[in-house]
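**Student:** I have a structure here, written as structure tokens, and I will follow up with some questions on it.
Only the coordinates and a few stated rules stand behind these numbers; no lab work does. Since the structure is predicted, the reported quantities are computational estimates derived from the model, not experimental observations. Note that each Cβ is placed from the backbone with ideal geometry, even for glycine, and that neighbours are counted across all protein chains shown.
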Amino acid sequence: MYATPVQELIDELGRLPGIGPKSAQRIAFHILKSPAEDAARLANAVNAAKTRVTWCRRCFNFAETDPSADDGTGVECDICSNPRRDPSVLCVVEEPRHVVAIEKSGWFKGRYHVLMGALSPIDGIFAEQLRIKELLARIEAEGVSEVILCTDPDQEGSATAMYLVREFKHLPVKLKVTKVAVGLPVGSELEFADELTLTMALEDRREVS
Amino acid sequence: MYIEHLAVWDYRNFGRAELWPAQEGVTLLAGPNGSGKTNLLEAVGYAASLRSFRASPTASLVRAGCQQGLVSAAVRRDGRALQLEAEVLVSGRGRLRLNRQAVRRPEDFVGALLVTVFSPDDIELVKGGPQARRDYLDAMIVALSPKLALVAANLERALRQRNALLRSAGGVLRPGMEGVLDVWDDKVAEAGEALVTAREQLVMALVPEVEAAYRELGGREKVELHYERSWDGALLDALRTSRALDLRRGVTGAGPQRDELHFCLDGLVARMQASQGQQRSLALALRLGGHALVTRRQGTVPVLLLDDVFSELDGRRSAALAACLPPGQVLLTAAGAVPADLSVAAAAEVSAGSVFSSPPGGAHGPDGSEGVRDGS
């Protein structure tokens, strides 16, 4: 239908998550119409991200490669290398984007551990596909005293949290394990909360006096 | 509750059709086979549940050659006016509007209109496999308590995950897999126990309602409903016990997905030993019993949709049904004769993609014929 390079661009864009064939076509035409330097900037950004960004050797968050600091064992992310972050508290999340979400809150001062997914046999993800071994090793090696489980509140996320709780029991250290609460969104009105969220918020209610 | 006005655009065989059912009592949709009577009932069912009760994919509801259709229903529920609009699309999910406001989540739309459907296929409830009976219970559980829809969805998800794990193991559990299977056992057990409790409570509440409905339909046999679990004791223990067998088979052998609902008439198994007529009566009694239960629990009468019910029943049973129809709005299709003593509050004539129905007050249909007939 289109000249080969155009079709290839559309096909590549169409493989991105959330981009259907129509959107892929629209983006491809946009790129083709825009000045060459705009397209080059996009290509460079993709390239730079791919070559300069790697996984943190400690928490598996995104980290920037730094040839001068890399002694062959990999690099650490900004959070792990920040001396002001409390190494005794770990927040366990499924994906790097969840780190970003929690960082925006500004509340959490500890470090993270990114599992790189959740237990989902349908997708071929078992315990060994996740960074669980590394998490267990960190708890002992880094003197972690509290783990906050912050996996998604779906079946896969809660199964993963359940699995971790059992694994922690085998550790020879005393560990406080907590799970983020589920409840009402701040700044909204009670009547707009869906029944399930409301039910869970009531179940997790807290004594105030 | 009742439907004041139903309109469909590019739906099945209709380009545009409108129906003004009677507020109370039977609205008879008459017309030859293939004219689209059932399609109208299906459209009402779609506005209620966003699914076809004929189990057709949504794409097939769109009129041939069109990209989208629309179902719109003006509903009165306890004095409150509700305007429901649901698009049906050839591909993708159609938009939903409730009182002219866009509704994003289907679960916020489903349940605004409650319906009870009886169709000729319902004889499968009695004659067919256990899946139909489990679906019958689960649909009613959700109608009575919408938040239990999540329990059923959680169970289905956990079972899919557990079965995927069993299959990937290929008969033998690798070291390290055991802990993962443990947590999916927990997830299946958690949702499974909640669902089975809801089903057993529902069956207990249904027994007197179905018995009463079966008697009113002229049945003399004693009706029994008996829910049978596929396991003993705690589900979690049963899953642990059946683990070795499950690993070999690649499916989960214990849980609500394997349970059975038995029907007996005078102690005989209805599926095998009842006559066709008895099976039809029982299927109808199951629907009418559920209808009575939802009516009592929800404090509002669902709209009753009876598709081609008289062609399925013999004369005696038809007359009994005509005499015992519950109060509330009933939409009923018939290709042939209806019992003489059926009290018809309104009638609409359906013929090859058009409907002759008149709004209350307007006495004449588009063809000049009398659109609303007085049944008395």
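**Student:** What spacing in nm lies between the two simple spin-label points modelled at B:A81 and A:K33, each 7 Å away from Cα in the Cβ direction?
**Tutor:** Roughly 4.5 nm, to one decimal.
**Student:** Now for a different question. Rounded, prolate or oblate: pick one for region A:61-209, where a ≥ b ≥ c are the square roots of the eigenvalues of its C-alpha gyration tensor, a/c under 1.5 means rounded, and failing that, prolate if a/b is larger than b/c, else oblate.
**Tutor:** Prolate, because a/c is 1.5 or more and a/b exceeds b/c.
**Student:** With a ≥ b ≥ c taken as the square roots of the eigenvalues of the C-alpha gyration tensor of region A:4-51, please select rounded if a/c is under 1.5 and otherwise prolate if a/b is larger than b/c or oblate if it is not?
**Tutor:** oblate
**Student:** Using DSSP to call loops (not H, G, I, E or B), can you name the GluC sites (Glu not before Pro) in region A:130-209 whose Cβ has at most 11 other Cβ atoms within 10 angstrom?
**Tutor:** Those that pass, being in a loop and sparsely packed, are A:E189, A:E207.
**Student:** Once phi is turned into ³J(HN,Hα) by the Karplus curve 6.51 cos²θ - 1.76 cosθ + 1.60 with θ = phi - 60°, what whole-Hz value does each residue of region B:303-318 show in order, with x for glycine and proline?
**Tutor:** After applying 6.51 cos²θ - 1.76 cosθ + 1.60, I find 6, 9, 10, 10, 9, 6, 6, 6, 5, 8, 10, 6, x, 5, 5, 4 Hz.
**Student:** Next question, about the same structure. Around B:T116, which amide H atoms from residues at least 5 apart in sequence, or from another chain, sit under 5 Å from its own amide H, with H modelled in the peptide plane?
**Tutor:** Here B:V303, B:L304, B:L305 satisfy the definition.
**Student:** Now for a separate question. Computed from the mean reciprocal separation of all distinct C-alpha pairs, what Kirkwood hydrodynamic radius does the protein assembly as shown have, in Å?
**Tutor:** The answer is 28.4 Å.
**Student:** On to the next question. How big is the antiparallel share of DSSP beta bridges in chain A, given as a percent to the nearest 5?
**Tutor:** Counting DSSP beta bridges with both partners in chain A, the antiparallel share is about 25 percent.
**Student:** A further question follows. Please compute the Kirkwood hydrodynamic radius over region B:1-74, one decimal place, Å, based on all pairs of different Cα atoms.
**Tutor:** Averaging 1/r across every pair of different Cα atoms and inverting gives 12.7 Å.
**Student:** Can you tally the net charge around B:A74? Count Lys and Arg as +1, Asp and Glu as -1, for every other residue whose Cβ sits under 14 Å from the Cβ of B:A74.
**Tutor:** Cβ neighbours under 14 Å give a net charge of +2.
**Student:** Further question on the same structure: Among the chymotrypsin sites (Phe, Trp or Tyr not before Pro) in region A:105-203, which ones are in a DSSP loop with at most 10 other Cβ atoms within 10 Å of the Cβ? Mind listing them?
**Tutor:** Those satisfying the criteria are A:W107.
**Student:** Kindly put A:M1, B:M1 in sequence by how many other C-beta atoms sit within 10 Å of each C-beta, fewest to most.
**Tutor:** With the fewest neighbours first, A:M1, B:M1 line up as A:M1, B:M1.
**Student:** Among B:S357, B:S91, which comes first, then next, by fewest other beta-carbon atoms within 10 Å?
**Tutor:** B:S91, B:S357
**Student:** For every helix of n ≥ 4 consecutive DSSP H residues, a contribution of -39,500 (n - 2.57) applies; sum these over chain B, divide by its total residues, and give [θ] at 222 nm rounded to the nearest 500 deg cm²/dmol.
**Tutor:** So the calculated ellipticity at 222 nm is -12500 deg cm²/dmol.
**Student:** For region A:5-14, what does the Karplus curve 6.51 cos²θ - 1.76 cosθ + 1.60, with θ = phi - 60°, yield as ³J(HN,Hα) per residue in whole Hz, taken in order and with x for Gly and Pro?
**Tutor:** The phi angles translate into x, 5, 4, 5, 4, 4, 4, 5, 4, x Hz.
**Student:** Taking every DSSP beta bridge with both residues inside the protein assembly as shown, roughly what % is antiparallel (nearest 5)?
**Tutor:** So the antiparallel bridges amount to about 60 percent of the total.
**Student:** Another question, if that's okay. Explain nothing, just compute: Karplus ³J(HN,Hα) = 6.51 cos²θ - 1.76 cosθ + 1.60, θ = phi - 60°, for every residue of region A:46-63 in order, whole Hz, x for Gly and Pro.
**Tutor:** Once θ is set to phi - 60°, the couplings for region A:46-63 become 4, 4, 4, 4, 5, 8, 8, 9, 9, 9, 4, 5, 8, 10, 6, 6, 5, 9 Hz.
**Student:** Could you please state, rounded to a whole Å, how far the C-alpha centre of region B:210-266 is from the C-alpha centre of region A:27-53?
**Tutor:** So the two Cα centres are separated by 60 Å.
**Student:** Can I ask one more? Would you kindly state the longest site-free stretch of chain A, with sites defined as trypsin sites (Lys or Arg not before Pro) in a DSSP loop (not H, G, I, E, B) surrounded by at most 14 other Cβ atoms within 10 Å?
**Tutor:** By the stated rule (loop sites, at most 14 other Cβ atoms within 10 Å), A:16-83.
**Student:** Next up: Averaged over its residues, how many other protein chain Cβ atoms are within 10 Å of peptide B:176-182's Cβ atoms?
**Tutor:** Across the residues of B:176-182, the mean count of other-chain Cβ atoms within 10 Å is 5.
**Student:** Cα centroids of region B:84-150 and region A:127-168: how far apart, whole angstrom?
**Tutor:** 38
**Student:** Further, regarding this structure: Taking each residue of A:150-163 in turn, how many C-beta atoms of other protein chains fall within 10 Å of its C-beta, and what is the average?
**Tutor:** The mean count of partner-chain Cβ atoms within 10 Å per residue comes to 4.
**Student:** Rank these for me by crowding, B:S168, B:S275, A:S120, going from fewest to most other beta carbons within 10 Å.
**Tutor:** Exposure proxy ranking, most exposed first: B:S275, B:S168, A:S120.
**Student:** Quick check: convex hull of the Cα atoms in region B:171-221, volume per residue, rounded to a whole Å³?
**Tutor:** Per-residue hull volume (Cα only) is 97 Å³.
**Student:** Could you compute the longest span of chain B free of trypsin sites (Lys or Arg not before Pro) located in DSSP loops and having at most 11 other Cβ atoms within 10 Å, not counting the site residues?
**Tutor:** After excluding every exposed loop site, the longest remaining stretch is B:221-376.
**Student:** Using a 10 angstrom cutoff on alpha carbons, build the Gaussian network for chain A and name the most mobile of A:V93, A:V147, A:V186.
**Tutor:** Among A:V93, A:V147, A:V186, the largest GNM mean-square fluctuation belongs to A:V186.
**Student:** Right, next: Per residue of B:139-147, how many C-beta atoms from partner chains lie within 10 Å of its own C-beta, taken as a mean?
**Tutor:** 1
**Student:** Mind computing the radius of gyration and Dmax over the alpha-carbon atoms of region B:118-299? Å is fine for both.
**Tutor:** Over region B:118-299's Cα set, Rg and Dmax evaluate to 18.4, 62 Å.
**Student:** While we're here: Taking K and R as +1 and D and E as -1, what net charge do the other residues with C-beta under 14 Å from the C-beta of A:F126 add up to?
**Tutor:** -1
**Student:** Can you find, among B:A30, A:F126, A:Q7, the residue sitting farthest towards the positive end of the charge dipole of the protein assembly as shown, where Lys and Arg contribute +1 and Asp and Glu -1 at Cβ?
**Tutor:** My answer, from the dipole projection, is A:Q7.
**Student:** Springs between alpha-carbon pairs under 10 angstrom, Gaussian network model over chain A: which of A:L196, A:L175, A:L164 fluctuates most?
**Tutor:** Fluctuation is largest for A:L196.
**Student:** Picking from B:L50, B:L236, B:L41, which is most flexible by a Gaussian network model of chain B using Cα springs under 10 Å?
**Tutor:** B:L236
**Student:** If you put +1 on each Lys and Arg Cβ and -1 on each Asp and Glu Cβ, how big is the dipole of region B:118-299 around its Cα centre, in Debye rounded to 20?
**Tutor:** Magnitude of the dipole: close to 380 debye.
**Student:** Using the scaling law 2.2 N^0.38 Å as the reference, what is the normalised Cα Rg of chain B?
**Tutor:** 1.08
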